[in-house]
Amino acid sequence: MMDMEHRAPVESTSALHLRLGSFRYADADHDTLRAIELELSPGSLTVISGDSGSGKSTFGGVLAGMLPRQGADSCEGTFILAGQRIDYSPEHSPRIDVAGWARHLGLLPQDAGLYLSRIRQTVAEELVFARENEGMPRKEMTELITEFSTRLSLEHLLERDPSKLSGGQERLVALTALSAANPSIIVLDEPLAGLDSTATATVTAMITRLRAAGTALVVLTRTTEAWEAEAETLLTLADGTLRPATRTARTAASSSKPSGFAAAAASEKPLLAFAGVQLGYKGASAPVISDLDLEVRAGECVGLAGANGTGKTTLLKAAAGLLKPIAGKLRVTAESGMLLQNPSDQLFERTVTREIAFGLPKKGLQRARVPRILEQLGLASCAQTHPYELPASARRLVALATVLVREPRLLLLDEPTEALDPAGLQILNEVIDSVLERGGAVLFSSHDERFIARTAHRVHRMPRQ
Amino acid sequence: MKRRITQLHPFTVLCLAVFTVAVATAASVWWLSCAVIVMCLAIGAVAGKARKLAALSGAIMLPTLLSLLMIHGLASRDSSPVIAAWGPISLTRGGAEVAMMLALRTAVLVVVGLLCGLLIDKHQLVAAIDLSPAPPQAGYLLASTLFLLPQMMEKQHAIGEAQALRKAGTGRGLAGWLQRLRLRAVPLVLSSVQDAHDRSVHLAARGFPARGEHSRLRQVADSQIQRGVRWVALLCSVLVPAAILVPFGGAA
Ligand SMILES: Nc1ncnc2c1ncn2[C@@H]1O[C@H](COP(=O)(O)OP(=O)(O)OP(=O)(O)O)[C@@H](O)[C@H]1O
Ligand SMILES: [Mg+2]
């Protein structure tokens with residue numbers, strides 16, 4: 001698994017024992033992780049919570065042997081994984097064979113799409129990609145696919161192109177592919193983000209099954225709520241170090257329902273109107289949405305709810321003008337702005353400021369607004385940072401800022417709460433209120449029923465196909 | 001019939017293509033070249049790709065033909081009868097013949113090559129290589145080259161959407177196209193590099209490229225007959241040109 005000199009068999013009953021002195025990114029001026037000790041026994045569930053930017057994903061990378069990057073980051077600590085001892089020291093970090101490591105410990109990244117290979121044509125092939133590279137006979141792979149796709153109700157996706165899945169479907173496929181590779185420890189970074197309630201239940205059931213079979217699970221998450229009943233170890237990551245977490249009652253919802261604009265709005269002309277609209281993608285066999293009737297009026301905040309793959313993103317993209325309806329009438333009478341489901345799809349400039357100012361006229365009202373928007377969204381301190389280096393919550397706020405700087409009257413938000421921390425959520429609520437107060441309208445999709453109930457005046461439920 | 005053609009083993013298609021090009025080029029007679037081109041178009045039509053094949057071949061061959069005519073037709077200094085003349089420049093019959101002959105040869109290569117590209121499914125080809133005794137790196141290399149372009153197209157589409165959301169790069173016509181090109185080029189390169197980097201560690205973690213024995217879920221249909229055809233085709237693409245080009249008997 002690593003250089004011979006660092007290889008020493010160790011007797012131990014735990015699946016993993018880690019003592020991490022410190023971890024520091026290549027050009028950082030402080031340690032991101034320090035003084036961490038972690039032991040995982042087979043069949044255990046360890047939940048590690050932490051705010052956005054607390055270092056959960058970094059810790060996941062360290063666990064998976066993907067960090068420290070050789071010759072760049074500095075790390076000090078000792079791993080005992082599958083009976084082998086690996087020593088990191090600032091002077092010498094051993095060369096890690098990522099594939100060998102992954103056979104024992106697999107990681108599902110926060111951006112689950114990155115786990116998919118993008119070189120296989122169907123979901124079925126994607127599920128057994130790791131097994132193909134191990135040389136598993138075809139018959140066994142077929143059995144594996146049947147077993148896992150039934151367990152996670154993926155049968156209808158097996159022949160689909162993995163690059164053309166909805167956000168939730170993508171995460172579910174990646175998760176299944178990871179479990180099909182059958183490592184003895186599985187680390188999941190925000191595994192439930194963007195999943196509907198059915199998928200959440202299936203994933204939870206599968207985790208129980210994996211544990212029963214002896215797999216140790218580590219879940220990295222922002223909120224421990226969904227896990228408290230199951231987990232045997234609850235830890236929080238703060239200031240770069242792990243501490244036992246107290247099982248808390250969840251923090252009370254802070255925001256109130258947006259005040260009563262809806263009633264006054266009833267008479268207004270709709271800003272967005274779908275009438276008998278059919279939406280779909282080229283090359284797909286059936287349309288995603290048919291006979292859609294939906295109106296959004298000024299002063300209204302409308303929530304879109306529905307299972308994964310029912311077309312929420314598709315609907316929002318059509319409203320933003322990215323997708324032409326196949327049939328029916330779609331009328332948009334106001335300037336619209338849209339926050340995409342995956343902020344990485346929306347960000348492409350080198351600094352946060354450039355990102356927000358992109359495409360704005362050199363001199364003008366909008367450009368003058370940039371500093372104020374940064375202030376409003378709490379991004380002033382990272383104005384010169386690369387958007388890619390920001391923690392997920394801040395990255396989503398940057399994407400939101402690029403939309404808000406244009407002051408759209410119709411604000412379209414695709415899963416805006418995903419990855420947001422409490423502070424970010426507060427900001428999001430303020431933003432929604434301010435758009436409504438301005439006489440605008442908001443249409444958003446979400447799987448978070450509580451957020452919908454709190455925020456939306458009205459909910460449109462997507463019919464299941 | 002269409003299914004028969006599109007379900008041929010990718011290697012069979014490639015071997016037949018090599019054979020056709022080798023023989024037609026060695027023989028270098030106009031009617032054979034013409035026959036090959038017509039046959040390719042016919043196969044393309046049966047496979048339902050005639051329009052694409054014709055359009056692509058046309059796009060490549062027209063400029064080629066024109067430049068060949070300029071080089072050989074107009075500049076030819078032989079004494080054959082003049083077909084047409086514009087002042088000092090004239091097109092001679094001999095020149096035109098040379099140009100046509102060269103163009104036909106190129107056309108065979110182009111049409112056969114394009115037909116292969118249209119008939120062979122990328123995923124089937126990669127799977128065929130993975131399943132063959134070739135080293136796993138071969139499939140890895142081919143997969144990364146073949147899928148790079150479609151992945152970049154997807155990426156540039158995503159960037160285009162993100163920019164369209166900000167009302168940038170939505171112009172029409174040539175100016176709009178150029179503006180889009182300018183706006184998308186840098187982000188495309190940067191994000192492709194980033195994306196490749198992010199994905200590569202997960203690919204490595206999933207054991208790709210395989211270091212030893214590997215398998216594929218995908219099946220590539222093959223048969224004894226096709227294997228036979230491949231060997232014969234390869235053998236003939238060496239022997240037939242040799243027989244045509246190497247002078248037997250007569251000359252010393
Ligand atoms: N580019 C695409 N090409 C073809 N089909 C697509 C494409 N994008 C999405 N789909 C399919 O269209 C359907 C609707 O997808 P959409 O992304 O709108 O779902 P969603 O409701 O937003 O789901 P989620 O809750 O998982 O985000 C899904 O079945 C999805 O697989
Ligand atoms: Mg979606």
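The values are calculated or read from the model by the stated rules, or taken from the named source; none is laboratory data. The structure displayed is predicted, hence computed values, not measured ones. Counting neighbours? That spans all protein chains shown, and the Cβs are built from the backbone with ideal geometry, glycine included. SASA here: full protein model, heavy atoms, side chains in, ligands and nucleic acids out. Shrake-Rupley method; radii C 1.70, N 1.55, O 1.52, S 1.80 Å.
What are the pairs with Cβ atoms under 8 angstrom where one residue, in the stretch B:109-126, is without any contact (Cβ under 8 Å) to a residue 40 or more places away in the chain and within 14 Å of chain A (Cβ to nearest Cβ) and the other, located anywhere, is among the hydrophobic types (A, V, I, L, M, F, W, C) and open to solvent by less than 40 Å² (accessible area, probe 1.4 Å)? Sequence gap at least six, or different chains. If the second residue must be among the hydrophobic types (A, V, I, L, M, F, W, C) and open to solvent by less than 40 Å² (accessible area, probe 1.4 Å), the pairs left are B:122/B:147; B:126/A:119; B:126/B:143. Residues that are outside any loop (DSSP other than H, G, I, E, B), out of contact with any Ser or Thr (no Cβ under 6 Å at 6 or more places or on another chain) and open to solvent by 20 Å² or more (accessible area, probe 1.4 Å) within the stretch B:156-172 comprise B:156, B:157, B:158, B:161, listed in sequence order. Name the single residue that is nearest to the other protein chains (Cβ to nearest Cβ) among those in the stretch A:391-435 being among the hydroxyl-bearing types (Ser, Thr, Tyr) and closer than 19 Å to residue A:342 by Cα. Selected residue: A:402. If you check A:396, A:464 for being within 16 Å of ligand 1 (Cβ to nearest atom), touching a Pro at 6+ places or on another chain (Cβ under 6 Å) and not aromatic (Phe, Trp, Tyr), only one passes: A:396. Taking every residue in the stretch A:131-146 that is within 9 Å of chain B (Cβ to nearest Cβ) and pairing it with any residue that is open to solvent by 70 Å² or more (accessible area, probe 1.4 Å), at least 6 positions away or on another chain, the pairs with Cβ-Cβ distances below 9 Å are A:131/A:140; A:131/A:182; A:133/B:211; A:134/A:103; A:134/B:213; A:135/B:213; A:138/B:219. Somewhere in the stretch A:84-97, is a residue within 12 Å of chain B (Cβ to nearest Cβ) and not aliphatic (A, V, I, L, M)? Yes: one or more hits. Mind checking which residues of the stretch A:289-337 are within 13 Å of ligand 1 (Cβ to nearest atom) and within 14 Å of chain B (Cβ to nearest Cβ)? Across the stretch A:289-337, the qualifying residues are A:313, A:314, A:316, A:317, A:318, A:319, A:320, A:322, A:323. Which members of the stretch A:153-191 meet the condition of being within 14 Å of ligand 1 (Cβ to nearest atom), crowded, with 20+ Cβ neighbours inside 10 Å and among the hydrophobic types (A, V, I, L, M, F, W, C)? Within the stretch A:153-191, A:154, A:157, A:165, A:172, A:173, A:174, A:175 qualify. Take the stretch A:203-221 and flag every residue that is more than 12 Å from residue A:187 (Cα to Cα) and either crowded, with 21+ Cβ neighbours inside 10 Å or not charged (D, E, K, R) (or both). Within the stretch A:203-221, A:203, A:204, A:205, A:206, A:208, A:210, A:212, A:213, A:214 meet the criteria. For the stretch A:287-295, does any single residue satisfy the condition of being under 22 Å from residue B:162 (Cβ atoms), within 13 Å of ligand 2 (Cβ to nearest atom), surrounded by 16 or more Cβ atoms within 10 Å (Cβ to Cβ) and at pLDDT 95 or above? Scanning the stretch A:287-295, I find no residue that is under 22 Å from residue B:162 (Cβ atoms), within 13 Å of ligand 2 (Cβ to nearest atom), surrounded by 16 or more Cβ atoms within 10 Å (Cβ to Cβ) and at pLDDT 95 or above, so the answer is no. Yes or no: residue A:417 buried (at least 19 other Cβ atoms within 10 Å of the Cβ), within 16 Å of ligand 1 (Cβ to nearest atom) and among the β-branched types (Val, Ile, Thr)? Here the answer is yes, as residue A:417 does meet what is asked.
Residues that are more than 13 Å from ligand 1 (Cβ to nearest atom) and not in a helix (DSSP H, G or I) within the stretch A:340-359 comprise A:346, A:347, A:348, A:349, A:350, A:351, A:358, A:359, listed in sequence order.
For the stretch A:313-349, a tally of residues being within 16 Å of ligand 2 (Cβ to nearest atom), among the charged types (D, E, K, R) and under 14 Å from residue A:279 (Cα atoms) returns 1. Taking the conditions (1) assigned to a helix (DSSP H, G or I); (2) of a type in the set (S, T, N, Q); (3) more than 16 Å from ligand 2 (Cβ to nearest atom) in turn, residue A:384 satisfies each one other than (1).
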